[in-house]
Amino acid sequence: MKKAVFGIGIAIAASLLVTLPASVFSAFVLAAPAPQFGRSSKEEKTRLLTGKVLDSGENPLPNAVVYLTNTHTRTVKTYIVGVDGTFRFPALQPSIDYELYAQYNNRKSGTKTVSQFDDRSQVYISLKINTK
């Protein structure tokens, strides 16, 4: 029963479109929703933050700890880098600012910010620590 009613509704709508003048049809086209400026409403995109912790000689600092702070909630995530000094924070919300810094043997890098206005889906940041 539902299929028959649905089929009749499509047939009526199709016949109306055929018989309507072009000026009336264009009014329907103009009533379409506005685009959302690059964001897909079907899926929420996330951001990937990667980088390296280096000393002043551009050498990786294994076992350094990277601190990532969500500036909205003030929650902190940490990452202990491996031998190559790399870190990785996946699935970050693009609508939130994040601050990050690294620490190695009681020495700290400068703090860097990943801004919500930066529209890159993948961000790479090097954090340098003066070990001398």
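Scanning segment 65-85 for residues that are of a type outside the set (S, T, N, Q), part of a strand (DSSP E or B) and free of Cβ contacts under 8 Å to residues at least 60 places away in the same chain yields a count of 7.
Can you pull out every residue in segment 111-123 that is out of contact with any strand residue (DSSP E or B) (no Cβ under 8 Å at 6 or more places or on another chain) and surrounded by 11 or more Cβ atoms within 10 Å (Cβ to Cβ)? Those that are out of contact with any strand residue (DSSP E or B) (no Cβ under 8 Å at 6 or more places or on another chain) and surrounded by 11 or more Cβ atoms within 10 Å (Cβ to Cβ): Ser115, Gln116, Asp118, Asp119.
May I ask you to verify whether Lys108 is surrounded by 11 or more Cβ atoms within 10 Å (Cβ to Cβ), charged (D, E, K, R) and in contact with a Pro (Cβ under 7 Å, 6 or more places away or on another chain)? Taking the combined requirement at face value, the residue does not satisfy it.
The residues of segment 87-105 that are buried (at least 18 other Cβ atoms within 10 Å of the Cβ) and more than 23 Å from the chain's Cα centre (by Cα) amount to a single one, Tyr104. In segment 55-86, of all residues being more than 18 Å from Thr111 (Cβ to Cβ) and either exposed (fewer than 13 other Cβ atoms within 10 Å of the Cβ) or of a type in the set (Phe, Trp, Tyr) (or both), the one that is nearest to the chain's Cα centre (by Cα) corresponds to Ile80. Just one of the numbered conditions (1) without any contact (Cβ under 8 Å) to a residue 40 or more places away in the chain; (2) surrounded by 15 or more Cβ atoms within 10 Å (Cβ to Cβ); (3) not polar (S, T, N, Q) is not true of Leu127: (1).
Lys52 fulfils the conditions (1) at pLDDT below 95; (2) charged (D, E, K, R); (3) surrounded by 14 or more Cβ atoms within 10 Å (Cβ to Cβ) except for a single criterion, (1).
The values are calculated or read from the model by the stated rules, or taken from the named source; none is laboratory data. Predicted model only: the values in this text are computed from it and were never measured. Neighbour counts are summed over all protein chains in view; Cβ atoms, including those assigned to glycine, are modelled from backbone coordinates with ideal geometry.
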